[in-house]
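The values are calculated or read from the model by the stated rules, or taken from the named source; none is laboratory data. Here the structure is a predicted model, which is why all the values come from computation and not from measurement. When we count neighbours, we look across all protein chains shown, and the Cβ atoms used for this are built from the backbone with ideal geometry, even at glycine.
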Amino acid sequence: MAELPARAPFSYRDDPAVPAFEDSGPVTVMDGDCALCSFGARMIARFDHAERFKICPAQTALGTALLGHYDLSPDDPESWLLLYDGQAYASLDAMIRAGALVGGIGHALWPLRGLPGPAQDWIYRRIARNRYRLFGRSDMCALPDEKLKARLLLK
């Protein structure tokens, strides 16, 4: 699993580079131009019946600042971040945890937790590096449906 720098819970709140944002529930930061990520964002909006999740495109000022706080880059295809209860998770670990939090079909990713960290990283890196070629591009913010629109953090 991708290792993030050790940070205190909610440490981004004290980082002057990170704009204030609604963080009472889980927040995902993902590539807003990736069709696979856009699909994931739509699935979160569709299946998160408790409406807890917020979704932040990596290309926004907030997304870039959050990724930078955790030493990740919006230009790196492997940057996918989940903030939950102030803790940060990255890459496949973030996706698995987000799926479990969403529930329903999201639990389909949970068995991947049983894989050793290096195997998870290998799988994630292969998909992340080839995501545009495999799935194409799609602007998640272009014409979002109302459920997705309500979740987007576009600061």
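Below, the figures for the structure above:
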quantity	calculated
Test: residue in segment 23-36 that is in contact (Cβ under 8 Å) with a residue 40 or more places away in the chain, touching a helix residue (DSSP H, G or I) at 6+ places or on another chain (Cβ under 9 Å) and either basic (Lys, Arg) or at positive phi (or both)	no
Matching entry among Leu92, Leu62 (being at pLDDT 90 or above and of a type outside the set (Phe, Trp, Tyr))	Leu62
Per-region count, segment 23-70, residues of a type in the set (Gly, Ala, Ser), over 11 Å from the mean Cα position of the chain (by Cα) and surrounded by 21 or more Cβ atoms within 10 Å (Cβ to Cβ)	1
Number of the condition not met by Leu101 [criteria: (1) in contact with a Pro (Cβ under 9 Å, 6 or more places away or on another chain); (2) outside any helix (DSSP H, G or I)]	(2)
Qualifying residue in segment 122-130 (condition: of a type in the set (A, V, I, L, M, F, W, C), at pLDDT 85 or above and either surrounded by 13 or more Cβ atoms within 10 Å (Cβ to Cβ) or outside any strand (DSSP E or B) (or both))	yes
Residue in segment 108-119 that is outside any loop (DSSP other than H, G, I, E, B), in contact (Cβ under 8 Å) with a residue 40 or more places away in the chain and farther than 28 Å from Val18 by Cβ present	no
Residue, modelled with the lowest pLDDT, within segment 138-154, restricted to residues that are charged (D, E, K, R) and surrounded by fewer than 12 Cβ atoms within 10 Å (Cβ to Cβ)	Asp145
Qualifying residue in segment 69-85 (condition: at negative phi, in a helix (DSSP H, G or I) and modelled with pLDDT under 90)	no
